Each structure stands twice: as C-alpha cells, then as structure tokens.
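The values are calculated or read from the model by the stated rules, or taken from the named source; none is laboratory data. These numbers come from a predicted model, not from an experiment. So basically every Cβ, Gly included, is an ideal-geometry build from the backbone, and we count neighbours across all protein chains shown.
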Amino acid sequence: MNDDSARLTNQIRTLRFLAGEMTQAELGQRVGLTRQTIAAIEAGKYAPSLSCAFRMAEVFGKRLDEVFQWTPN
Amino acid sequence: MESRERQAWVYILSTLVAMAGYALAAWRWHEGLGPVARIGLLAVPLSFMGVVSLGAWLMYRGEAPDERDLAIAQRATSVAYGVLMAGFLYVGMMLPFTHGGWYLVHSALAAIVLAELVHSGLVVRGYRRSAA
C-alpha cells in the first residue's frame, strides 16, 4: 500500500500459531479488521495504523516491537 | 476477490456498458430527436447505472469498512475529485466560449464518467496491490 510496508515485517503468523492457531478472521474480529486486511498485513502488503498495531500486540500479550519490526533503508 | 473490489468492477462494467450504449445511440439518433426525447435517451443509461449501483450497494451494505477499505477509498476519491474538477473547469470555463447546448451536457457527462472510472479503477488497483 505504501513505501513503508516494504520495510515493515511482522511476526503475526508465528504469534497466531502460538496463540493456539488463532485464525485470521478471529484476530481481525478482535482488532476490528477484516480477514483480508489481516492477510494483507501478514504478507507485508499493507502497513496498519499505529492504533491497530497496538491492538494486535495487546491481543498477543506482546510489546509492539515484538510483533512489528521496521528496518530503515 | 474482495467484496468491495467486486463492487468496483460492477461500477466499471455498468458504466462502460451504459455509456458506450448511450454514445452509440446519441451518435446515431440524436440529431433527429426533440429536446424531450433527447433527455429521455439520456435518462436510460443513467437509470441503468442507478439501478446497478443500488443493487451492488444493497448486496454489500452489511459489511462495515475497516481502515484499509477507508484508506483505499480515500485515495481513490482524492484522485477522482481532481479529475472531476479538471473536467468541470474545462466544461464550465472554456467550452462555453466555443460550444453550447448538448455538447456541454455530453462533455460534463464525460467528465463525470471519467472521474467515476478513475475512482473505481483506483479502488480495484488498491485492493490488487494490497491483496495477500
């Protein structure tokens, strides 16, 4: 979606697995996003808003930087 | 394909079908028609697009947009607004000096159609680019 998304990586797939194979739809429901948007975030195609990123970290009980990593060019 | 992308495709296809049909009909028969018949001819594609748009809206109205949907829509709207403004500035401020009547109506319609196509096209592009 934007230039930042290429440099933004995340551990959502791993964290979903560790959370008892939580589905994308379930995670989406808990943070207020659609399943397709969760899939896009996981694939690095869409960079979520800051508040949404915090909500995801809260769902997994992790800090923000344990869920999302940003690498400067 | 996501529902909003499908909806945008419906808008694109219905707009193209309706306006291509109208352009063909206007080119063939417009000169021989009176003012009321001309307005009636114009009402046909507009009604068709209205019904299709209403159907597409009713089909997907239960799905609340999330932040990605809104970001895609916002980007598409901002670009399409520029296209619409450019078209209407041309139609409203330049064409009246050289043309009049139905030429102005059709030019304004073309600006609206172009803006709508740009909007729907950018919505499709937005979903394609950010699809997993």
Between B:102, B:27, B:57, which is modelled with pLDDT under 90 and under 30 Å from residue A:28 (Cβ atoms)? B:57
In this structure, does residue B:102 turn out to be touching a residue at least 40 places away in the same chain (Cβ under 8 Å), of a type in the set (Phe, Trp, Tyr), touching a helix residue (DSSP H, G or I) at 6+ places or on another chain (Cβ under 9 Å) and more than 14 Å from chain A (Cβ to nearest Cβ)? yes
Residues that are within 12 Å of the chain's Cα centre (by Cα) and within 12 Å of chain B (Cβ to nearest Cβ), at least 3 per element: which helices (runs of 4 or more DSSP H) completely within chain A meet that? A:24-31, A:35-42, A:50-60
At pLDDT 90 or above and either of a type in the set (A, V, I, L, M) or closer than 30 Å to residue A:56 by Cα (or both), is that true of residue B:80? yes
Could you list, ordered by first residue, the pairs with Cβ atoms under 8 Å in which the first is in region B:65-77 and more than 14 Å from residue B:8 (Cα to Cα) and at the interface with another protein chain (Cβ under 9 Å from one of its Cβ atoms) and the second is surrounded by 17 or more Cβ atoms within 10 Å (Cβ to Cβ) and among the hydroxyl-bearing types (Ser, Thr, Tyr), at least 6 apart or interchain? B:66/A:34; B:66/A:37; B:67/A:37; B:68/A:34; B:68/A:37; B:68/A:46; B:68/B:130
Apart from one, (1) surrounded by 14 or more Cβ atoms within 10 Å (Cβ to Cβ); (2) more than 27 Å from residue A:31 (Cα to Cα); (3) hydrophobic (A, V, I, L, M, F, W, C); (4) within 17 Å of the chain's Cα centre (by Cα) all hold for residue B:16; the odd one out is (1)
Exactly one of (1) at pLDDT 95 or above; (2) touching an Asp or Glu at 6+ places or on another chain (Cβ under 6 Å) is unmet by residue A:54. Its number? (2)
For residue B:63, which of the numbered conditions (1) modelled with pLDDT under 90; (2) surrounded by 13 or more Cβ atoms within 10 Å (Cβ to Cβ); (3) part of a helix (DSSP H, G or I) fails to hold? (3)
Scope region B:94-108; condition assigned to a helix (DSSP H, G or I) and β-branched (Val, Ile, Thr); matching residues: B:105
Hits in region B:19-45 - residues which are surrounded by 14 or more Cβ atoms within 10 Å (Cβ to Cβ) and assigned to a helix (DSSP H, G or I): B:19, B:22, B:23, B:25, B:26, B:30, B:38, B:41, B:42, B:45
